[in-house]
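First comes the structure, then the notes that go with it.
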Amino acid sequence: MGSAGEFKTIPREVPTSRDPKTRVKDFNEIHPTANDELAKTQAIRCMECGIPYCHDDFGCPLENLIPEWNHLVGLGKWEEAVERMLETDTFPEFTGKICPAPCEGSCTMGHYNDQPVTIRQIELVLADKGFENGWIKPQPPLQRTDKKVAIIGSGPAGLAAAFYLNRSGHNVTIYEKEKRAGGLLTYGIPNYKLDKIEIVLRRIQFLEKEGIVFKTNVDIGEDISGKYLKKHFDAIVIAIGAEHPRDLPIKGRDIDGVHYAMEFLSRQSKTLAGESLPNDIDISAKGKTVVIIGGGDTGSDCLGTSHRQGAKEIIQLEITPPPPEARAESNPWPNWPLIYRTSSSQKEGCDRQFNVMTKEFFGDNGKVEGIRCVKVEMIIDEKGMRFDEVPNSDFEIKADLVLLAMGFLGPKKNKIFEEFDLELDARSNIKVNDQMMTSADGVFCSGDATTGQSLVVRAIASAKNCASKVDAYLASITV
């Protein structure tokens, strides 16, 4: 670390992203990685807190040793910093690019002067250096057990569970229903945020070199039964994510041109990869007025993708009021700051409208031409939260394409739910006990399928915990 007190004099600084006016013309990644000097300068801003909230329950779900790697980066000890990062950080090349960085929200520097340490950027620098210098490399286990584990799903949770179970020496096979492995990383997150070849495929190839077997284009429950898996594997991990989208069942919902966000995003990912599309429905935004209903990460991904497809105009609607510019008293540090934010896609341009409820989709000849809306007021009282319509505030918005990005309602149900007789919780997620096991013996679950829609880093943390429970279970059944 540098001399004491440098956190008082060095301002927060991150690399400048590509110009919004030019980056919307392609799907290349928009955020550059910091150079060595900038990373070192930012690392020495770390205060080495007595109680570093950045890696406890308020910060990083992986409990990354952030102050320790910051210290090593400040000293220019890059290899040691990478080693320290890898003690807890499963896939730093993913989280360094797409994690919203709850660690920064709980950073003491953020509480001190609203300029938290650039933790995510330092993580990304270390990830890049690790791969470039061969410090991050395939590490097959030295010994193999005779235990076999099937993992259903190859998204963040599936990959992470496989990573740790394989490192424990077990024989791991991942089943993925799509043509390419990666799940959300491959088909959900746009290429301009996460490169599919240089980042996602590289990691999958590393995992293959470590001995993990990938079987793609295999839909468990359809192509292979759950009964087959139970017969041929000692344990099963369900890591299918939370793909069931929240619908908007209002008048005109079945009209052509109203689609779920993931239909739109996954088709774009498949197009860029040269995959054939499942049908010939046109979900392109080119030349269209696009309305996105929902203001979260998925809505922003739809926004950025619409720009790159050549949308004429984009409107993003949120039913809630805009968050405050600064923390409310009810949202104290070190909790994640619930404040007004502008995503990278929103910086590329759009008409953001708040306090808007969609009432109806309309159009002629079965094609959407617009939506009817009303302004609402959000009321929170002893009865809970509700949205009251503002009298005489009805209005219409022209729309050629409507994308529903209002979150997800748990995992998509398929035949394995019946085969394994899986018990669900009150939110329709797969219920697990404190050993991460479902109601079916030997069948475990991790990630969004059991927690509900959340962050990639939380899915990885869940899978890491699940893998330890599976490992213990396999040890318990060893004769």
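Taking amide H positions as modeled 1.01 Å from N, with prolines and chain starts lacking one, the residues under 5 Å from Y260 and 5 or more places away or on another chain are L404. Restricting the trypsin sites (Lys or Arg not before Pro) of region 109-159 to loop positions (DSSP other than H, G, I, E, B) with no more than 13 neighbouring Cβ atoms within 10 Å leaves R144.
Proximity of backbone amide H atoms, modeled 1.01 Å from N, is registered between E313 and K288, T289, V290 at under 5 Å, excluding neighbours fewer than 5 places apart on the same chain. Along region 371-377 the Karplus relation, 6.51 cos²θ - 1.76 cosθ + 1.60 evaluated at θ = phi - 60°, assigns HN-Hα couplings of 10, 9, 10, 8, 6, 10, 10 Hz to successive residues, with x for each Gly and Pro.
Couplings 3J(HN,Hα) of region 90-105, computed from phi: 5, 10, x, 5, 7, 5, x, 9, 10, 6, x, 6, x, 4, 6, x Hz, in residue order, whole Hz [Karplus 6.51 cos²θ - 1.76 cosθ + 1.60, θ = phi - 60°; x for Gly and Pro]. Computed over neighbours whose Cβ is under 11 Å from that of N171, the net charge equals +1, Lys and Arg +1, Asp and Glu -1.
The phi-based Karplus calculation (6.51 cos²θ - 1.76 cosθ + 1.60; θ = phi - 60°) puts the 3J(HN,Hα) values of region 350-364 at 5, 9, 8, 10, 10, 6, 10, 10, 8, 9, 6, 9, 9, x, 9 Hz, whole numbers, x for Gly and Pro. Taking a sphere under 13 Å around the Cβ of A261 and counting the other residues whose Cβ falls inside, with K and R at +1 and D and E at -1, yields a net charge of -3.
Distances between placed amide hydrogens fall under 5 Å for L424 paired with K431, all partners being 5 or more residues away or on another chain. From its DSSP helices (H runs of at least four residues, each -39,500 (n - 2.57)), the chain gives a residue-normalised ellipticity at 222 nm of -8500 deg cm²/dmol.
Hydrodynamic estimate: the Kirkwood radius of region 6-132 over Cα pairs, inserted into Stokes-Einstein at 10 °C and 1.306 mPa s, corresponds to D of 108 µm²/s. Computed over the chain, relative contact order equals 16 percent, with contacts defined as Cα pairs under 8 Å that lie 6+ residues apart.
What does the charge count around A463 come to, taking other residues whose C-beta lies under 12 Å from its C-beta (Lys +1, Arg +1, Asp -1, Glu -1)? Residues near A463 contribute +2 overall.
Taken together, the values in this text are just the output of simple stated rules run on the coordinates, not laboratory data. Everything numeric in this text was worked out from a predicted model, so none of it was measured. Virtual Cβ from ideal backbone geometry, glycine too; neighbours counted across all protein chains shown.
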